[in-house]
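The values are calculated or read from the model by the stated rules, or taken from the named source; none is laboratory data. Worth saying up front: this structure is predicted, and the values here are computed from it rather than measured. Cβ: placed from backbone, ideal geometry, glycine included. Neighbour counts: every protein chain shown. For the accessible areas, the whole protein counts, side chains as well, though only heavy atoms, and no ligand, DNA or RNA atoms are used. Shrake-Rupley method; radii C 1.70, N 1.55, O 1.52, S 1.80 Å.
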Amino acid sequence: MASPPRRFDSFRFLLKPLAFFLAATPFLFLLYNYYTDNLSVNPLDDITDTTGTWTLRMIVITLTMTPLRKITGWSGFSRLRRMSGVYAFFYGTMHLMTYLYFDKFFEWGDIADDLTKRRFIIVGFTAWSLMLPLALTSTDRMTKWVGGKNWKRLHRLVYVTAICGVIHYLWLVKADLQRPLTYGAIVAVLLGYRIVVFVRGRYARREAAKASSVPPAASLPVDSRQ
Amino acid sequence: MSFNKIPRVPSSEITPESQYYTRRSWLGMVGLAGVSMVSPSLLGGGVVPPQDRWPQGKKGPNDTDEKPSTFKEITTYNNFYEFGTDKSDPEENAGSFKPRPWTVKIDGLVKKPATFALDDLLKGLTQEDRIYRMRCVEGWSMVIPWRGVMLADIMKKAQPLPKAKYVAFETVYRPDEMVGQRRPYLQWPYVEGLRMDEAMHPLTLLATGLYGKDLPNQNGAPLRLVTPWKYGFKGIKSIVRISFVEQEPPTTWNIAAPNEYGFYSNVNPDVDHPRWSQKTERRIGEFGKRKTLPFNGYAEQVASMYAGMDLKQNY
């Protein structure tokens, strides 16, 4: 595994504030354009699209952090993972609130109707719901309380959220599938990477078990990379 | 939440509440004021230069007396997939489209099939300004001051044969000028159709302009169909061919998603789109939602054409 590039480490204290600000810019732009009347003549559209798109992008960014850390060996990516995840939840919640308030005015009857009849709403709401426990257990204290192993297991729900998010997008477009399919391909690669890592790890463990069951003299060093 | 925080809007911009706002929209506005998120764009109008606001009021029997949408609203927020799928794409990408010179081919079951230069086709016909509601299948609406001729007048010129039962329309195919046509997310060219009586109906226009000017490219220059009691996508744009046929002609959105878009596509609050309700609509420029009316409020004029038909089957 590559050793962490040192030159980044001196700017370590800047990493999180910078990332925090960058991830907020789409929202700040939206607010700015809203107040300066620079959105389209149907602002509901812009707000819905922007918050929805950035939810998906933040999920993709979150899913990219671990592979990037493993490939580059730079631990900075790990430190950004939680923030991207929480931002995904933030944008997702704005997206949901836009629907509930700007689109439906909290008319629960209509909302219930959508939630039972319309598959793109169902799958979108599922995607958001699955992020809720992840956001709630994202603090240090909650992570400790849940416990490392369980926390890891729980947070694999983000894979389902990513898939649901892509399906939500696929099912809502009218004709041109190019954009949702692009996100679908990216998510497929990111999840595919994890499958490869998992299968390799299992294979390595099995080899290791085999090696340890033969007489010690014949055992070879095991490559335990994940 | 305090009621005296309702945003101040010039009284001329306020439309009678009973008529224009449903309860929920009013609640929405109070809520909006409560969190002090107020923007002119959400509250309708804002500061609109007078030349961009067509005078409100009925001039002819077919006009609505509702407040016309602004020129900007009508020309920057369009569905014209030939120029891209985002609402802003048509305005951004239609600049290099050439609506002149233009010819329209009239063929099929007519006495004399012919290709007309647009000016010859329109010669001798009265161009009228008409203020119509326009309801998009996506759940938003506008009020548009069209300029155009009655399709019925064009049909008289074409002299269809008695065998003709439908009229089929076709949009120009110019992938070099229409970026959207370079990718097959819809089947190009765009095609639409009407039953003979729908085509002959006095509300049915072939529009050549809006706001008293020639049609902007993004609105379907130089010639487009307007059927105000149907969803907007029936209003095929940049028409190059009108054919009279015996069988119900294929229509683009019906080919793309037959369970979502039917041949008739009459505005109907009781028939949901599979992915959303059609009961209400958002008028562009307004924050609240309005109730969608059967046949988009034109039931009196058009409902008789569909007497005895099951409109849930024939959506």
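Any number yet on Rg/Rh for the range B:123-184, C-alpha, Kirkwood?
Radius of gyration over Kirkwood radius for the range B:123-184 works out to 1.06.
If you take each beta carbon of peptide A:166-175 and count the beta carbons of other chains within 10 angstrom, what is the mean?
Per residue, the number of nearby Cβ atoms from other chains is 3 on average.
How much mean residue ellipticity at 222 nm does chain A get from its helices, if each DSSP H run of length 4 or more adds -39500 (n - 2.57) and you divide by all residues, to the nearest 500 deg cm²/dmol?
Computed mean residue ellipticity for chain A: -26000 deg cm²/dmol.
May I ask for the Rg/Rh ratio of the range B:144-212, computed from Cα atoms with Rh as the Kirkwood radius, given to two decimals?
1.05
Note down, for the range A:55-193, the three equivalent ellipsoid semi-axes (square root of 5 times each alpha carbon gyration tensor eigenvalue), biggest first, whole angstrom.
Here the semi-axes work out to 28, 19, 12 Å.
Name the residue, out of A:D49, A:D140, A:D103, whose mean-square fluctuation peaks in a Gaussian network model built on chain A with Cα pairs under 10 Å.
With Cα springs under 10 Å in chain A, the top fluctuation among A:D49, A:D140, A:D103 is at A:D140.
I'd like the residues of the range A:96-114 whose 1.4 Å-probe accessible area shrinks by no less than 40 Å² going from the isolated chain to the full set of protein chains.
Those residues are A:Y101, A:F102, A:F105, A:E107.
Which ³J(HN,Hα) values in Hz, rounded to whole numbers, follow from the phi angles of the range B:133-142 under the Karplus curve 6.51 cos²θ - 1.76 cosθ + 1.60, where θ = phi - 60° and Gly and Pro get x?
For the range B:133-142, the Karplus curve yields 6, 10, 10, 7, 4, 7, x, 10, 8, 9 Hz.
In whole Å and largest first, what semi-axes does the C-alpha gyration tensor of the protein assembly as shown yield when each eigenvalue is scaled by 5 and square-rooted?
53, 29, 21
On the accessible surface of the protein assembly as shown, probed at 1.4 Å, how many percent belong to carbon and sulfur atoms?
C and S fraction of accessible area: 61 percent.
Please give the average number of partner chain Cβ atoms lying within 10 Å of the Cβ of each residue in A:37-47, rounded to a whole number.
Partner-chain Cβ atoms within 10 Å, mean over residues of A:37-47: 6.
By average Cβ neighbour count within 10 Å, what is the ranking of A:67-75, B:222-230, B:203-211, A:164-172 from highest down?
In descending order of packing, they fall as B:222-230, B:203-211, A:164-172, A:67-75.
If you roll a 1.4 Å probe over the heavy atoms of the protein chains, what accessible area per residue do you get for the protein assembly as shown, in Å²?
In whole numbers, the protein assembly as shown has 50 Å² accessible per residue.
Estimate for me the total accessible surface buried between chains B and A (protein heavy atoms, probe 1.4 Å, no ligands or nucleic acids), in Å² to the nearest 100.
Approximately 2900 Å², summed over both chains.
Give the calculated FRET efficiency between B:D119 and A:V189 to the nearest 0.05, with a Förster radius of 56 Å applied to their Cβ-Cβ distance.
After rounding, the FRET efficiency stands at 0.50.
How far is helix A:178-213 tilted off the main Cα axis of chain A, in degrees rounded to 10, range 0 to 90?
That works out to roughly 20 degrees.
In nm, to one decimal, how far is the A:F13 label point from the A:R205 one, both placed 7 Å along Cα→Cβ?
Going from the A:F13 label point to the A:R205 one covers 4.2 nm.
When ranked by the protection proxy of mean other Cβ atoms within 10 Å per residue, highest first, what sequence do the peptides A:32-45, A:142-155 form?
A:32-45, A:142-155
Based on the Kirkwood radius over alpha-carbon pairs, what value in µm²/s does the Stokes-Einstein equation return for the translational diffusion coefficient of the range B:48-125 at 20 °C and 1.002 mPa s?
132 µm²/s
For the range B:290-305, take each phi angle, set θ = phi - 60°, evaluate the Karplus expression 6.51 cos²θ - 1.76 cosθ + 1.60, and give the result in whole Hz per residue in order, putting x for glycine and proline.
For the range B:290-305, the Karplus-derived couplings read 10, 6, 7, 9, x, 6, 6, x, 9, 4, 4, 7, 10, 4, 4, 5 Hz, x marking Gly and Pro.
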